[in-house]
Amino acid sequence: MSNTSTKENRLPVLGINSLGRIGKLTLWHHVQRKYFQEIVINQGRDIGMGMETIARLIEADATYGLLHRFLYGYKAKPCIQITDDKNGKMLIDGIPVTVLRQERNPLNIPWRQYGADVVVDCSGSFKDPTVPADDKKGSIRGHLNGGAKVVIHSAPFKIKNKALATPDDTVTLIFGINHTVFDPKKHLLVSAASCTTTGLAHMVKPLLDNEETSTILTASMSTIHAVTNTQSVLDKLPKAGEKDIRKTRSILNNIILTSTGAAKALIEVIPEVKNIGFMGDSIRVPTNTLSLIVLNATFQAKRNGKGDAANIDTKKLNDIYEKTAQATPLVRFTMQQNVSTDLIGEDAAIIIEGQFNHTRTAFIPVDLSHIPNLPAGLLDSLKEKTLQLPVVHAKIFGWYDNEYGSYTNRMGDLTVYVHKNIQ
């Protein structure tokens, strides 16, 4: 069933490219949400034994269980019905879904035929927005030629040619952080950043929005991250030129150190972070979802009446996040003693673990003779040549469901927002 009615009364149609982890869960999100009245999925190839296989792969998930139980509980009945096997059509909880299996290059996917104004590309490919639409290997821009008005990419953009700037029609958005920056007259390609950047942004922004904690001198983060499909079940040989061979080691029985671009991508959505010395890394652990950000931040503090640097403490931090959680459902605050499986599927960008947050105050001695460009004679006129700088070091813990609860849901919010604003 193609969406062929006029623009004025046309039902909203969503396009999804690829049924990988995020593509499948994006489908789940929008089937549940029911904003889009029709969904078109492009897989670009046959899968298993046809539509029966596809329907089963959509229905069953090793992390979140069966779709109908996920939607309605354990007494629910299956909600997928194949209506046209040859043409790839089914009903999922009443939503018409079409699966396309012919084209893999975005340039050749007929989104216009189905009325899909917004396409979410979940392929993990086509990350470079500077690649022309007609590139033989495919390009994110190809979706635009196929009829999409806006393409949302479920990963950060990566420009291979460092001499090229980010195109003017390209933007990185995180719902609840900077999504209102979207300009329908300008932006054609939107990155929804990454799962870690989404969680991290919702941890950092409340600190920057608070006057006392906005004076971040330096910060770092480590994400204790669940495995992804880029890793190997068993040890294997890396590809030629592969720099990080740890990802080719078995995910079943290893803690694996690797990198993350979350700290760098954070600047795209919160520009003031550029003034902070920010570092990030990732520690992959053998769990299937639910990750943890450990955020370390050092603040310039103020002295109280006793001369102590005590204006920022654990209670202050927890108060900031608790008030943020009261103002928005995107941030949640808990004083419970959680373990990771408790929060799988939790619908929040970040869940702050208040009971584990903590701070330490200190005075850092600064030798003024080491400060360049001091006015002539100033140092000689000072009685004390060493300045005691009050600082507070904070450690903040935030859980996030890196697949469905945090990332896919926020990208779903962003997708609906974009669609409403291009109409």
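Where a number appears in this text, it was derived from the coordinates with a stated rule and is not lab data. Since this is a predicted model, take the numbers as computed values, not measurements. Counting neighbours? That spans all protein chains shown, and the Cβs are built from the backbone with ideal geometry, glycine included.
Considering only Cα atoms, the convex hull volume of region 88-212 works out to 150 Å³ per residue.
Arranged by the count of other C-beta atoms within 10 angstrom, fewest first, what order do SER154, SER282 take?
Working: SER154 26, SER282 18.
So the ranking, lowest neighbour count to highest, is SER282, SER154.
Sorted into 10 angstrom bins from 0, the C-alpha pair distances of the chain split as 4, 19, 28, 24, 14, 6, 3, 1, 0 percent.
Bridging of LYS162 to lysines at a Cα separation below 16 Å is possible for LYS127, LYS264, once same-chain residues fewer than 8 apart are set aside. The modelled label-to-label distance between LEU379 and ARG33, using points 7 Å beyond Cα along the C-beta direction, is 5.9 nm.
Between LEU389, LEU368, LEU266, the GNM of the chain built on Cα springs shorter than 10 angstrom shows LEU368 fluctuating the most.
Using the Cβ-Cβ distance between LYS86 and GLN337 with R0 set to 56 Å, the FRET efficiency works out to roughly 0.55. The antiparallel fraction among DSSP beta bridges confined to the chain stands at about 55%. If you look at the Cα atoms of region 310-423, you get an Rg and a Dmax of 22.3, 67 Å. Here the residues LEU414, LEU11, LEU290, ranked from fewest to most Cβ neighbours within 10 Å of their Cβ, fall in the order LEU11, LEU414, LEU290. GNM remark for the chain: springs join alpha carbons under 10 Å apart, and the peak mean-square fluctuation among ASN373, ASN275, ASN253 falls on ASN373.
Quick one: compute the contact order of the chain, relative version, from alpha carbon pairs under 8 angstrom and 6+ residues apart, as a percent.
14
Here the label points at GLU272 and LYS185, each 7 Å from Cα along the C-beta direction, are separated by 2.8 nm in the simple model.
Highest average first, the peptides 142-151, 335-344 ordered by how many other beta carbon atoms sit within 10 Å of their residues are 142-151, 335-344.
Distances between every pair of Cα atoms in region 196-405, grouped in 5 Å steps from 0 to the bin holding the largest one, split as 1, 7, 13, 15, 16, 14, 11, 8, 6, 4, 3, 2, 1, 0 percent.
Taken over the alpha carbons of region 13-167 as equal point scatterers, the Debye sum produces base-10 log I(q)/I(0) values at 0.12, 0.14, 0.15, 0.17 Å⁻¹ of -0.51, -0.68, -0.77, -0.96. For region 196-405, the share of DSSP beta bridges that are antiparallel, to the nearest 5, is 70%.
Determine, from the Cβ-Cβ distance of LYS239 and ILE364 and an R0 of 56 Å, the FRET efficiency 1/(1 + (r/R0)^6), rounded to the nearest 0.05. Could the numbers behind the result be given before it?
Numbers: r = 46 Å, r/R0 = 0.82.
The pair LYS239/ILE364 has a calculated efficiency of 0.75.
The GluC sites (Glu not before Pro) of region 207-301 meeting both criteria, a DSSP state outside H, G, I, E and B (loop) and at most 12 other C-beta atoms within 10 angstrom of the site's C-beta, are GLU211, GLU242. In region 348-423, a dipole from Cβ-located charges (positive for Lys and Arg, negative for Asp and Glu) runs towards its positive end, and of GLN355, THR408, THR386 it is THR386 whose Cα lies farthest in that direction.
The simple Förster model, with R0 at 30 Å and r as the Cβ-Cβ distance, assigns ALA327 and ILE283 a FRET efficiency of 0.45. Taking the Cα centre of region 248-379 as reference, the dipole from Cβ charges on Lys and Arg (+1) and Asp and Glu (-1) amounts to some 280 debye.
Considering only DSSP states other than H, G, I, E and B, which trypsin sites (Lys or Arg not before Pro) in region 15-60 qualify as loop sites with at most 14 other Cβ atoms within 10 Å?
Counting only loop positions with at most 14 other Cβ atoms within 10 Å, the trypsin sites (Lys or Arg not before Pro) in region 15-60 are LYS34, ARG45.
Comparing LEU66, LEU237, LEU208 in a Gaussian network model of the chain, where Cα atoms under 10 Å apart are tied by springs, the biggest mean-square fluctuation is seen for LEU237.
In order along region 403-413, phi translates into HN-Hα couplings of 9, 8, x, 8, 6, 4, 5, 5, 5, x, 4 Hz, rounded to whole numbers, per the Karplus curve 6.51 cos²θ - 1.76 cosθ + 1.60 with θ = phi - 60° and x for Gly and Pro. Under the rule a/c < 1.5 gives rounded, and otherwise a/b versus b/c splits prolate from oblate, where does region 217-290 land using the Cα gyration tensor? Prolate.
By the count of other C-beta atoms within 10 Å, a proxy for reagent exposure, THR415, THR359 are ordered fewest to most as THR359, THR415.
Summary of packing: across the peptides 70-79, 115-124, 167-176, the per-residue average of other C-beta atoms within 10 Å ranks them, highest first, as 115-124, 167-176, 70-79.
Could you give the size of the charge dipole of the chain about its Cα centre, using +1 on the Cβ of each K and R and -1 on the Cβ of each D and E, expressed in debye and rounded to the nearest 20? Using Cβ point charges on Lys, Arg, Asp and Glu, the chain gives about 600 debye.
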